[in-house]
1. Does region 583-603 contain at least one residue that is of a type in the set (A, V, I, L, M, F, W, C) and closer than 30 Å to Asn560 by Cβ?
2. If a residue must be crowded, with 16+ Cβ neighbours inside 10 Å and either at pLDDT 90 or above or closer than 24 Å to Pro279 by Cα (or both), how many such residues does region 314-328 contain?
3. Could we say that Pro631 is closer than 30 Å to Asp350 by Cα and surrounded by 14 or more Cβ atoms within 10 Å (Cβ to Cβ) here?
4. In region 409-434, which residues are within 21 Å of Arg306 (Cα to Cα) and in a strand (DSSP E or B)?
5. Looking at Arg674, Arg642, Arg708, which is the one that is modelled with pLDDT of 85 or more, crowded, with 18+ Cβ neighbours inside 10 Å and more than 30 Å from Val355 (Cα to Cα)?
6. So which residues in region 39-84 are under 16 Å from Ile104 (Cβ atoms), more than 42 Å from the chain's Cα centre (by Cα) and at pLDDT below 85?
7. Kindly check whether there is at least one residue in region 269-276 that is basic (Lys, Arg) and buried (at least 17 other Cβ atoms within 10 Å of the Cβ).
8. Yes or no: region 330-342 includes at least one residue that is closer than 25 Å to Ser760 by Cβ and under 32 Å from the mean Cα position of the chain (by Cα).
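The values are calculated or read from the model by the stated rules, or taken from the named source; none is laboratory data. Quick caveat, the model's predicted, so the values are computed rather than measured. Please note: Cβ atoms are built from the backbone with ideal geometry, for glycine as well, and neighbour counts cover all protein chains shown.
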Amino acid sequence: MKKLLLFLFLIGMIPISNAQQGKSTKKVKITGKVFDKKTKQPLEYATIIFQDTAKKRSVTGGITKADGSFNIEVDADTYDITVEFISFASQKIKAKSLVENTSIGNFFLAEDSQSLEAIEIIAEKTTVELKLDKKIYNVGKDLTVRGGTVSDVLDNVPSVSVDVEGNVSLRGNDNVRILINGKPSGLVGLNSTDALRQLPADAIEKVEIITSPSARYDAEGTGGILNIILRRSKLQGMNGAITTNVAYPLGYGISGNINYRTGDFNFFTTSGYNRRDVPGNSETFTEYFNGDDPNTFLDEQRNFDRIRKGFNSNVGVEWYVNKSTSVTASLVYRDSNNESSTTNILTQFDSGLNVTNVSSRFDPEFEDDKTIQYALNFDKNFEKSGHKLTMDFQYESSTEDERSFISVDNVLAEQVATIESQDRILLQTDYILPIGETAQFELGYRGNFLDLNTDYLVAFLEDETFVPDTNLSNVLNYREYVNAVYTQYGNKINKFSFLLGLRMESTRITIDQVTSGDFDKKNYVGFFPTVNIGYEISEDQSITLGYNRRIRRPRSRFINPFPSRSSITNVFQGNPDIDPSYSNGVDLGYLNRFGKLTLNTSIYFQRATDVFNFISEDTGETTLLNGEEVPIIRRTPINLARNDRFGFEFTLTYNPSRKWRVNGNFNLFQSYNRGDFNGVNFDADNLSWFVRINNKVTLPGSIDWQTRLSYRGPSEDAQNKRKGIFSMNLAFSKDLLNERASIAFNVSDVFNSRKRQSESFTDTFNSDGAFQWRERTMNLSFTYRFNQKKKNERNGRGQNFDDEGGFSATP
């Protein structure tokens, strides 16, 4: 198994020579063997490190083979030699002169309880760290997402919810900025929803929930920021984990995160391949008001048969130039091949609900997504702790190619194709300067430069030739350049902490509608102040208060004036006149620990202006359906005057014993929309709520049983009512091979109840709809860990001043 893992890791790496230092260019070969002192068995993958005796830094090294032997080439010189293996006490040879080919003999390493602590620790349970501007959830052994995806993990994190279509919301707000390791990432690609469903869950180390972002972060995202941190170890030698899984409906995959450090180089990769069937369905029943004529009805049923296939890899190397400086180069590659067959059955009724016509539409879509991203990071730590300079460069290129040939009543009739290409460049630098023992000053720059081209084709079959429809087909070139500078100052005075910041972002947008010849530019500058305050009442209690100003920029799809169709009766059309939306938010948080019970709660308020709302309206146009004219309904975004959102949430964690853990998250929010558009009033008040409960019990035989219940309350706006959604997930897990492996079985949506049911009301039609993106699934996964062990408890509960001028608390 270890040979296979090493091979899979190395084939994804570009070989990089170890740094060589020495006074001579003569090369000598050093040999020897390493054994387990107790069993006398050879130790494979033991690490041999050669250090410069003068500079006390690693020069080169290597690992042992299956028989415990090593053969390493070094410059002729004098070295300190260290032989080590995870969970074993290391052995050292001081000032060994190596001027010719030499065998340094056999080494017998003994197990060492202290060395066991050097094993990479994988948390058994999810824990939370509280900082001034964010909450950090360290993802533990969550059984309900074993063998799953990042999207599954996010749906289990407090304050976060993922709807039936995979859209991510933070405390009920779907305008969330998603980052990977603190930056926009090619792992997310053009479509973050689909990408998150393909990233393996086991690759995640922690998720940062940033509801009150400091000035360091982009101002984009009125709901806040989700920062997904991937696993990476810095221990000598090799460690990591591999997970394989099979699922029903048909699915299978393999993923792994592997680190190998030798000397001053740390190689890492997070890679995975998965293939899964995702069946879904929807139904819409619409009543059309025909004025003086009798009302008519249309029933549209859609069945989705999707196949998702994708490979993704994040491969890189970190070079520790010296004790204070490191350079990291990484490559992200993502390749997805998706198939989706959608069958629409349209049934028309007269006013007496008698069937007047039935037709079918079959849409087989093939989609290819590719992303490649190159990144380079420079990290310099100065002599004083916390004094730091970082610089980042990132280039990303993505393409998305969707094609389908649509049949109507079993006759080939239509071709639809969408080709998107995107180039993105990121430039960033951050400088942190400690002032005294508790204060620090920070400033930085970030530039995001995006170029996106969308080529949309709709063609109808005429005389055995596809003829493009010029009213639908279009080409859009969209460019968005954002330059930002920020500064912030933080300090801690006794139990009081504060972090004050200001960010300025200059945005330049170019909209080139090639088809119509329209060309437009938009330039705007925004200032975004942030205030984060914290007070430690006691060791177990703390209060935080945050204020921030945010922006929501319209995406290219929101701006494109040409319609795209989900069916012949429903279109989505962008609005080129839509403006960005700004919001101001306040968040008051409280943390308290009562023995085995931990309470983390907050009250928040946000006011947004020019908010985006999606309205449905009759276009006044019709389409022929078997000789009958059917109205075409358009869905489009508009700016409404104002939205006020009040909310309250709390998370409770209770640990009655080591074998029983319960946690719950509750979020209640009231939303007020105020605005008019085209003479229509869209005022709406909506009270909604969300609750999630996790219960984990260890059964006899050390079998872990986890149950997750979630319910999203009903919601309402000016045109729509949405019913509540209940779902339940169930999982069992058992550790094997002395905790080096685990097998898990989970069922997602046990009762097949995760469906969105809604009603829409307008002056010209009413409709009832139901949508289920994914039906109930079952998954069996197997995880094998090498040179890792689980950590069942996390004892740290203290608070400390962190790099961002705040404090952290770990319950």
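1. Filtering region 583-603 for residues of a type in the set (A, V, I, L, M, F, W, C) gives 586, 588, 591, 594, 597, 599, 603.
Filter once more, so that each one left must be closer than 30 Å to Asn560 by Cβ: none.
Among the residues of region 583-603, not one is of a type in the set (A, V, I, L, M, F, W, C) and closer than 30 Å to Asn560 by Cβ, which makes the answer no.
2. Within region 314-328, the subset crowded, with 16+ Cβ neighbours inside 10 Å is 314-318, 320, 326, 328.
Filter once more, keeping what is either at pLDDT 90 or above or closer than 24 Å to Pro279 by Cα (or both): 315-318, 326, 328.
The qualifying residues number 6.
3. Values: closer than 30 Å to Asp350 by Cα: yes; surrounded by 14 or more Cβ atoms within 10 Å (Cβ to Cβ): yes.
So Pro631 fits the description; yes.
4. Passing the criteria: Leu412, Glu414, Gln415, Val416, Ala417, Thr418, Ile419, Glu420.
5. On the way: Arg674 fails: crowded, with 18+ Cβ neighbours inside 10 Å; Arg642 fails: crowded, with 18+ Cβ neighbours inside 10 Å.
Step by step, each of Arg674, Arg642, Arg708 is checked, and only Arg708 is modelled with pLDDT of 85 or more, crowded, with 18+ Cβ neighbours inside 10 Å and more than 30 Å from Val355 (Cα to Cα).
6. Across region 39-84, the qualifying residue is only Thr53.
7. Step one: list which residues in region 269-276 are basic (Lys, Arg), which gives 275-276.
Filter once more, so that each one left must be buried (at least 17 other Cβ atoms within 10 Å of the Cβ): 276.
Checked against the condition, which is being basic (Lys, Arg) and buried (at least 17 other Cβ atoms within 10 Å of the Cβ), region 269-276 yields at least one hit.
8. As a first pass, look at region 330-342 and keep what is closer than 25 Å to Ser760 by Cβ: 340, 342.
Filter once more, keeping what is under 32 Å from the mean Cα position of the chain (by Cα): 340, 342.
For region 330-342, residues closer than 25 Å to Ser760 by Cβ and under 32 Å from the mean Cα position of the chain (by Cα): present.
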